[in-house]
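J.: Please find one structure pasted underneath; my questions will follow.
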């Protein structure tokens with residue numbers, strides 16, 4: 001199943017269908033009708049929740065309290081957003097933490113994954129199979145949450161440190177296998193030609209192989225970035241309330257789940273919790289916390305389909 | 001993994017001699033490659049292998065002061081308790097059934113969606129609908145919790161808004177354990193179907209055009225085209241994805257369950273899976289013995305399942321084996 005790369009290529013080509021040249025059967029027309037109907041339906045189904053959240057965030061709290069959430073904004077106001085940005089310290093701190101972690105983690109993770117993936121597919125590397133298995137084994141058997149937690153919190157002493165979150169998200173076995181599959185497509189002649197020119201293994205990697213791995217870097221980079229941006233779980237385990245600026249999704253998690261978090265995040269706002277427009281604030285926080293990650297997709301779309309296709313087939 | 005690489009022809013055969021000097025030579029030869037692997041090796045040693053001895057906690061009456069190996073040994077008593085209380089059975093049942101539902105329904109929908117996407121000819125319609133279908137995959141599970149709250153909560157939920165508008169009585173969804181499997185499955189499918197269908201879509205795109213042309217000339221209907229060309233050619237992809245999924249069948253999607261259900265004990269009977277239970281034991285009860293025991297049970301059970309699956313697959317068709 002290494003035909004994945006060649007599979008994705010015709011994807012663009014075959015938009016002009018070969019079947020239209022031959023006259024359409026009635027069943028073709030029926031199928032096409034059904035397809036348009038259900039694809040539209042599913043697209044709407046995917047989009048609706050986003051509309052719900054957006055319109056709720058622009059609604060007036062009093063009307064939400066009376067009538068409940070609905071698909072269209074109840075009134076139109078920026079009150080919730082004004083609250084969030086009136087005392088922007090907390091939210092900006094969260095943004096900075098998340099952006100720094102995402103950028104640094106994606107860059108570092110990508111570099112290590114690329115290096116490892118490349119080394120592990122080199123046919124002349126005699127430890128290749130052993131190291132591959134060493135990494136793969138961690139997906140088969142793991143210690144589980146409790147021992148891992150004790151090890152990291154108590155023995156590595158990382159409780160309350162951003163490092164506990166940052167380091168653990170750097171790589172997964174699956175991403176390394178994915179990179180290895182990608183790196184296979186680099187012809188061995190390229191490496192050999194580098195060797196003939198007297199380049200060391202690291203230079204061959206950095207100057208010859210890395211530029212050829214662009215689709216892989218885009219795909220795996222996207223997975224890493226999503227992992228960092230959407231992280232809340234490790235934060236809840238290792239950061240808890242020990243840090244002032246929580247990663248965005250954990251910030252959102254707290255706002256949704258604990259009544260006090262909402263008030264604390266509006267620190268300085270001299271209001272009691274009942275005065276806050278809590279329903280619309282939650283929705284506006286959700287919009288702000290999700291933010292830019294959604295717009296990442298169009299930039300990597302070109303590579304993404306190839307990427308997951310390669311990844312889904314045999315590791 | 002291994003089988004695949006061995007089949008490849010080695011263009012630069014290294015003469016393998018079992019003596020020491022050649023081993024050393026190899027080591028020197030691949031020094032740079034080994035160094036390149038070191039960060040990753042260090043990562044897995046620290047975060048995956050080092051916690052392994054900690055599973056010993058499952059057999060002790062762990063307390064913080066005495067540490068992992070100083071705490072009194074209690075044999076299998078932690079497991080005994082979990083089995084007797086019926087908790088282990090409940091968690092296993094829920095975890096397995098949810099994953100089965102995700103795998104079966106998920107794959108059916110993904111294939112159906114891929115087949116239908118393939119029928120769509122309008123270029124921009126296809127592009128835009130695909131982009132929107134991907135959106136759910138990009139958001140965090142926390143946001144899914146927000147969405148669920150927006151739609152389902154009793155006082156202001158969009159669903160109850162709709163019910164009230166049509167004259168019905170609002171329903172307390174957050175205390176109805178029976179319908180949560182459906183809600184959780186819908187949420188999981190909402191997030192993963194669009195993304196999951198790409199793999200199948202790419203596989204359909206990879207089918208040789210001449211097959212479709214030949215079928216059209218022979219007067220095949222659209223249904224026959226699907227039945228005899230498209231579905232059979234999706235079979236290998238389906239089997240591989242299925243095997244991958246089987247490997248994780250004892251592992252639950254913690255984030256989804258936790259953000260939808262959280263600490264809502266009235267729903268646990270139908271919604272508690274291994275991960276959520278372990279998380280609660282640690283975070284709210286500081287119970288490290290039971291949580292380690294459940295975790296170890298999960299790992300061992302999962303490991304045995306993967307091994308069995310792989311063994312069976314290897315006997316039937318070794319091309320499909322994972323390793």
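J.: Looking at this structure, is residue B:58 part of a helix (DSSP H, G or I), at pLDDT 90 or above, buried (at least 17 other Cβ atoms within 10 Å of the Cβ) and facing chain A (nearest Cβ under 7 Å)?
T.: Details: part of a helix (DSSP H, G or I): yes; at pLDDT 90 or above: yes; buried (at least 17 other Cβ atoms within 10 Å of the Cβ): yes; facing chain A (nearest Cβ under 7 Å): no.
When the stated conditions are applied, residue B:58 does not pass them.
J.: Continuing with this model, one more query. So residue B:225 fits all but one of (1) modelled with pLDDT of 90 or more; (2) crowded, with 20+ Cβ neighbours inside 10 Å; (3) within 8 Å of chain A (Cβ to nearest Cβ); what number is the exception?
T.: (3)
J.: Suppose the filter is part of a helix (DSSP H, G or I), in contact with a helix residue (DSSP H, G or I) (Cβ under 7 Å, 6 or more places away or on another chain) and touching a residue at least 12 places away in the same chain (Cβ under 8 Å); does residue B:96 pass it? So that I can check it myself, show each step before the final result.
T.: Details: part of a helix (DSSP H, G or I): yes; in contact with a helix residue (DSSP H, G or I) (Cβ under 7 Å, 6 or more places away or on another chain): no; touching a residue at least 12 places away in the same chain (Cβ under 8 Å): yes.
Judged against the criteria, residue B:96 is not a match.
J.: With respect to residue A:138, is the statement that it is facing chain B (nearest Cβ under 7 Å), in a helix (DSSP H, G or I) and surrounded by fewer than 19 Cβ atoms within 10 Å (Cβ to Cβ) true?
T.: Values: facing chain B (nearest Cβ under 7 Å): yes; in a helix (DSSP H, G or I): yes; surrounded by fewer than 19 Cβ atoms within 10 Å (Cβ to Cβ): yes.
When the stated conditions are applied, residue A:138 passes them.
J.: Need the failing condition index for residue A:44 against (1) surrounded by 14 or more Cβ atoms within 10 Å (Cβ to Cβ); (2) at pLDDT 95 or above, just the number.
T.: Status for residue A:44: all satisfied but (1).
J.: Do you know which of the residues in segment B:99-118 that are free of Cβ contacts under 8 Å to residues at least 40 places away in the same chain and either in contact with a helix residue (DSSP H, G or I) (Cβ under 8 Å, 6 or more places away or on another chain) or more than 30 Å from residue B:269 (Cα to Cα) (or both) is farthest from the other protein chains (Cβ to nearest Cβ)? Before you say what the answer is, go through the steps one by one.
T.: Initial filter on segment B:99-118 (free of Cβ contacts under 8 Å to residues at least 40 places away in the same chain): B:104, B:108, B:112, B:116.
Then drop every residue that is not either in contact with a helix residue (DSSP H, G or I) (Cβ under 8 Å, 6 or more places away or on another chain) or more than 30 Å from residue B:269 (Cα to Cα) (or both), which leaves B:112, B:116.
On the way: B:112: 8, B:116: 4 Å.
So the residue we want is B:112.
J.: With the condition kept exactly as written, say whether any residue in segment A:205-216 is more than 9 Å from chain B (Cβ to nearest Cβ), surrounded by 19 or more Cβ atoms within 10 Å (Cβ to Cβ) and either modelled with pLDDT of 95 or more or over 24 Å from the mean Cα position of the chain (by Cα) (or both).
T.: yes
J.: Got a sec? Which of A:114, A:119, A:103 is at pLDDT 85 or above, within 30 Å of residue A:178 (Cα to Cα) and surrounded by fewer than 13 Cβ atoms within 10 Å (Cβ to Cβ)? Quick ask: steps written out before the conclusion?
T.: On the way: A:114 fails: surrounded by fewer than 13 Cβ atoms within 10 Å (Cβ to Cβ); A:119 fails: surrounded by fewer than 13 Cβ atoms within 10 Å (Cβ to Cβ).
Within the list A:114, A:119, A:103, the selection yields A:103.
J.: Name the residues in segment A:147-171 that are surrounded by fewer than 21 Cβ atoms within 10 Å (Cβ to Cβ) and in a loop (DSSP other than H, G, I, E, B), would you?
T.: A:156, A:157, A:158, A:159, A:160, A:161, A:169
J.: Scanning for something touching a helix residue (DSSP H, G or I) at 6+ places or on another chain (Cβ under 6 Å), without any contact (Cβ under 8 Å) to a residue 24 or more places away in the chain and crowded, with 20+ Cβ neighbours inside 10 Å, does segment B:233-251 turn up at least one residue?
T.: Here is the first cut: in segment B:233-251, the residues touching a helix residue (DSSP H, G or I) at 6+ places or on another chain (Cβ under 6 Å) are B:234, B:237, B:239, B:245-247, B:249-250.
Next, only the ones that are without any contact (Cβ under 8 Å) to a residue 24 or more places away in the chain stay: none.
For segment B:233-251, residues touching a helix residue (DSSP H, G or I) at 6+ places or on another chain (Cβ under 6 Å), without any contact (Cβ under 8 Å) to a residue 24 or more places away in the chain and crowded, with 20+ Cβ neighbours inside 10 Å: absent.
J.: Take residue B:287 and tell me if it is within 10 Å of another protein chain (Cβ to nearest Cβ), without any contact (Cβ under 8 Å) to a residue 24 or more places away in the chain and farther than 28 Å from residue A:227 by Cβ.
T.: Working: within 10 Å of another protein chain (Cβ to nearest Cβ): yes; without any contact (Cβ under 8 Å) to a residue 24 or more places away in the chain: yes; farther than 28 Å from residue A:227 by Cβ: yes.
It is true that residue B:287 is within 10 Å of another protein chain (Cβ to nearest Cβ), without any contact (Cβ under 8 Å) to a residue 24 or more places away in the chain and farther than 28 Å from residue A:227 by Cβ.
J.: Filter segment A:62-79 down to the residues that are within 13 Å of chain B (Cβ to nearest Cβ) and closer than 20 Å to residue A:289 by Cβ, then identify the one that is surrounded by the fewest Cβ atoms within 10 Å (Cβ to Cβ). So that I can check it myself, show each step before the final result.
T.: First, pick out the residues of segment A:62-79 that are within 13 Å of chain B (Cβ to nearest Cβ): A:62-74.
Imposing the further condition that a residue be closer than 20 Å to residue A:289 by Cβ reduces the set to A:64, A:69, A:73.
Details: A:64: 23, A:69: 26, A:73: 18.
Residue satisfying both the conditions and the ranking: A:73.
J.: Under 8 Å between Cβ atoms, at least 6 apart or on separate chains: pull out the pairs that start in segment B:174-198 with a residue that is without any contact (Cβ under 8 Å) to a residue 60 or more places away in the chain and end on any residue that is surrounded by fewer than 19 Cβ atoms within 10 Å (Cβ to Cβ) and assigned to a helix (DSSP H, G or I).
T.: So the pair list comes out as B:179/B:173; B:190/A:45.
J.: Another one. Considering only segment A:141-158, how many residues are more than 9 Å from every other protein chain (Cβ to nearest Cβ) and within 22 Å of residue A:230 (Cβ to Cβ)?
T.: Qualifying residue count for the region: 1.
The values are calculated or read from the model by the stated rules, or taken from the named source; none is laboratory data. Keep in mind that what you see is a predicted model, and the values were worked out from it rather than measured. Neighbour counts are summed over all protein chains in view; Cβ atoms, including those assigned to glycine, are modelled from backbone coordinates with ideal geometry.
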